[in-house]
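K.L.:
This is the structure I want to talk about, given as structure tokens.
The values are calculated or read from the model by the stated rules, or taken from the named source; none is laboratory data. Quick caveat: nothing in here was measured; it's all calculated off a predicted structure. Ideal geometry is used to build each Cβ from the backbone, glycine not excepted, and the neighbour counts take in all protein chains shown. All accessible areas refer to the heavy atoms of the entire protein, side chains included, with ligands and DNA or RNA removed. Shrake-Rupley method; radii C 1.70, N 1.55, O 1.52, S 1.80 Å.
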Amino acid sequence: PLFRAVNIEKALSLKNIFFKYEGSSLTGTQKDRISRLHVKRAIQMGYDTISVATCGNYGASVAYFASQMGIRAVVATPSFYTGARNDEIYDSGATLIKKDMKYEDLVEYIKDKSVEENWYDCSPGSINSWVDSIGYESIAYEIVNQMGHSPAYVACPLGNGTTIAGIYSGFKKMYRSGKINSIPRLIGSSTSLGNPIVYSWKHGYRKIQELEPARIVETEVNEPLVSFRALDGQKALNAIYESRGVAIGINDQEMVKFSRLIANMQSLQVLPASASALSATYRLLRNKNYNGDVAVILTGRGN
């Protein structure tokens, strides 16, 4: 669904704010858009197992669709991750591998393990990751169909950068085919405690910069966003520059604040990391006399 957030507009003195609520998907995040496609493709290519490295949401989504379509799923998570998504992964019948690794290193582990075991790897940055763009382009298509036109701004959380890169690709394809007259400016939101896309844009780098792992701070709040290596970071950074957009780091307290604001004003439970998109929108557009609509992507529902 996409709907106008009238109460949020009043609370923040903004105008033309629309929420694109990905939390209504079957497992509660935008990951369903790509996991469904990957599972279908794995089956079509003759694989009996699909694998993914995850910190939770993506793994739960892949495990769910694998169970529904009758294929085995292997989900690898960092050993420190003990979130509720683990239960969902188990309940879907997936094999859960826990490794004492950072997420970025776990992706490399699954990449090698998938080759060794002949699994279909759908992790970000894998040989099959081009499917992700197709899945997330659909968000752009839906926004235009639901609004009837292209918005002036699109705000989206940044982790690996996969979602915002796919959304931008969708808008660019529609613009080139003449279906829309303009491409929205992107507002990328992430944690202020370590994300390569935000860091690179803030410092004016055109090439994505990997961060020192020891310098990032991962918390329960920022976990979906924090990283030292953004696997689709270059695509996301390019999209932000090309759209004349911005990338903004948000602290944990502000994410939680805006998550509660959305719950109180619009009766939606969203993850604090998802609420960062609204926080970044507010930072950019407050006190500005902007024109056009603003689509804020709420990528996942909270508890």
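K.L.:
Checking the conditions here, which among ALA273, ALA295 is modelled with pLDDT of 95 or more, part of a helix (DSSP H, G or I), under 25 Å from SER169 (Cβ atoms) and open to solvent by less than 10 Å² (accessible area, probe 1.4 Å)?
P.N.:
On the way: ALA295 fails: part of a helix (DSSP H, G or I).
One residue alone meets the criteria, ALA273.
K.L.:
Of the numbered conditions (1) assigned to a loop (DSSP other than H, G, I, E, B); (2) touching a Gly at 6+ places or on another chain (Cβ under 7 Å), ALA236 satisfies every one except a single condition; which is it?
P.N.:
(1) is the only condition that ALA236 fails.
K.L.:
Could you tell me which of the residues TYR103, TYR90 is touching a residue at least 40 places away in the same chain (Cβ under 8 Å) and of a type in the set (Phe, Trp, Tyr)? If you could, list the steps in order and put the result at the bottom.
P.N.:
On the way: TYR90 fails: touching a residue at least 40 places away in the same chain (Cβ under 8 Å).
On inspection, the qualifying residue turns out to be TYR103.
K.L.:
Please state which one of ASN264, ASN287 is out of contact with any Ser or Thr (no Cβ under 8 Å at 6 or more places or on another chain), modelled with pLDDT under 95, open to solvent by 60 Å² or more (accessible area, probe 1.4 Å) and over 25 Å from GLU108 (Cβ atoms).
P.N.:
ASN287
K.L.:
Okay, moving on. Could you list, in sequence order, all residues of segment 88-99 that are hydroxyl-bearing (Ser, Thr, Tyr) and crowded, with 18+ Cβ neighbours inside 10 Å? Before you say what the answer is, go through the steps one by one.
P.N.:
Filtering segment 88-99 down to residues hydroxyl-bearing (Ser, Thr, Tyr) leaves 90, 92, 95.
Residue satisfying the conditions is SER92 alone.
K.L.:
Counting only residues that are free of Cβ contacts under 8 Å to residues at least 40 places away in the same chain and not acidic (Asp, Glu), which one in segment 213-225 is nearest to SER279 (Cα to Cα)?
P.N.:
Kept after step one, since they are free of Cβ contacts under 8 Å to residues at least 40 places away in the same chain, are these residues of segment 213-225: 214-220.
Keeping just the survivors that are not acidic (Asp, Glu) gives 214-217, 219.
On the way: ALA214: 27, ARG215: 24, ILE216: 21, VAL217: 20, THR219: 18 Å.
Top of the filtered list is THR219.
K.L.:
Out of the residues in segment 152-179 meeting the condition of being assigned to a loop (DSSP other than H, G, I, E, B) and open to solvent by 10 Å² or more (accessible area, probe 1.4 Å), tell me which one is nearest to LYS288 (Cα to Cα).
P.N.:
The initial filter retains those residues of segment 152-179 that are assigned to a loop (DSSP other than H, G, I, E, B), namely 152, 158-161, 177-179.
Restricting the remaining residues to those that are open to solvent by 10 Å² or more (accessible area, probe 1.4 Å) gives 152, 159-160, 177-179.
Details: ALA152: 14, GLY159: 27, ASN160: 29, SER177: 32, GLY178: 29, LYS179: 28 Å.
Among them, the one singled out is ALA152.
K.L.:
Starting from segment 136-158, keep only residues that are closer than 21 Å to SER227 by Cβ and touching a residue at least 24 places away in the same chain (Cβ under 8 Å), then list their pairs with residues that are of a type in the set (S, T, N, Q) and part of a strand (DSSP E or B) whose Cβ atoms are within a distance under 7 Å, requiring at least 6 positions of separation or different chains.
P.N.:
ALA155/SER189; PRO157/SER189; PRO157/SER190; LEU158/SER189; LEU158/SER190
K.L.:
Also: Going residue by residue through segment 109-130, is there one that turns out to be charged (D, E, K, R), assigned to a loop (DSSP other than H, G, I, E, B) and over 18 Å from the mean Cα position of the chain (by Cα)?
P.N.:
At the first step, the residues of segment 109-130 found to be charged (D, E, K, R) are 111-113, 116-117, 121.
Within this subset, residues satisfying the condition of being assigned to a loop (DSSP other than H, G, I, E, B) are none.
Among the residues of segment 109-130, not one is charged (D, E, K, R), assigned to a loop (DSSP other than H, G, I, E, B) and over 18 Å from the mean Cα position of the chain (by Cα), which makes the answer no.
K.L.:
Within the set of pairs 6+ apart or on separate chains, which have a first residue in segment 194-211 that is over 18 Å from PRO157 (Cα atoms), a second that is open to solvent by 70 Å² or more (accessible area, probe 1.4 Å) and not hydrophobic (A, V, I, L, M, F, W, C), and C-beta atoms under 7 Å apart?
P.N.:
If the second residue must be open to solvent by 70 Å² or more (accessible area, probe 1.4 Å) and not hydrophobic (A, V, I, L, M, F, W, C), the pairs left are GLN209/TYR199; LEU211/TYR199.
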